[in-house]
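A.B. asks: Got a structure for you, questions after.
Laboratory data are not the source of any read-out in this text; all were calculated from the coordinates shown. Everything numeric here is computed off the predicted structure, so don't read it as measured data. Positions of Cβ are backbone-derived with ideal geometry, glycine not excepted, and every protein chain shown enters the neighbour counts.
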Amino acid sequence: MVQSVTSLSALQELISSGKPVAIDFYAVWCGPCKAISPKFEQWAAKYTGVTFIKVDVDQAAEIAGAMQITAMPTFMFFKDGKKVETVVGADPSKVEAAIAQIA
């Protein structure tokens, strides 16, 4: 299951939970974001030990600013509350490799 997060405090709470976290920073108008979105859903079903989060950068500008998001899609991966990987762009093989690394 992929959770939608709109507040910075909720995002920080999930990251600091200790569970591995995969975040998809996207925009509704972004073509590559739409293209990779179904894959992100599939990975959420496959890697059940990872918390999957989507953040709409236009709806959650505070989060986008705090996380220094400059391009969409951007994927960030956290393990034990620390960022371990960032993938910019809709590259399914790189994104899944990063998910497998934190799972």
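A.B. asks: Out of all DSSP beta bridges with both ends in the stretch 2-89, state the antiparallel percent to the nearest 5.
C.D. replies: Bridges in the stretch 2-89 are about 55 percent antiparallel.
A.B. asks: Okay, next question. Provide Rg and Dmax in Å for the chain, with only Cα atoms included in the calculation.
C.D. replies: 12.1, 32
A.B. asks: I would also like to ask the following. Picking from 80, 24, 56, which is most flexible by a Gaussian network model of the chain using Cα springs under 10 Å?
C.D. replies: Looking only at 80, 24, 56, the biggest GNM fluctuation is shown by 80.
A.B. asks: Next question. In what sequence do 28, 5 fall when counting other Cβ within 10 Å, fewest first?
C.D. replies: So the ranking, lowest neighbour count to highest, is 28, 5.
A.B. asks: Oh, and also: Rounded to the nearest 500 deg cm²/dmol, what is the calculated helix-only ellipticity per residue at 222 nm for the chain, with -39500 (n - 2.57) per DSSP H run of length n ≥ 4?
C.D. replies: -12000 deg cm²/dmol
A.B. asks: Could you give the dipole magnitude of the chain about its Cα centre, charging the beta-carbon of Lys and Arg +1 and that of Asp and Glu -1, in debye to the nearest 20?
C.D. replies: Its charge dipole is roughly 240 debye.
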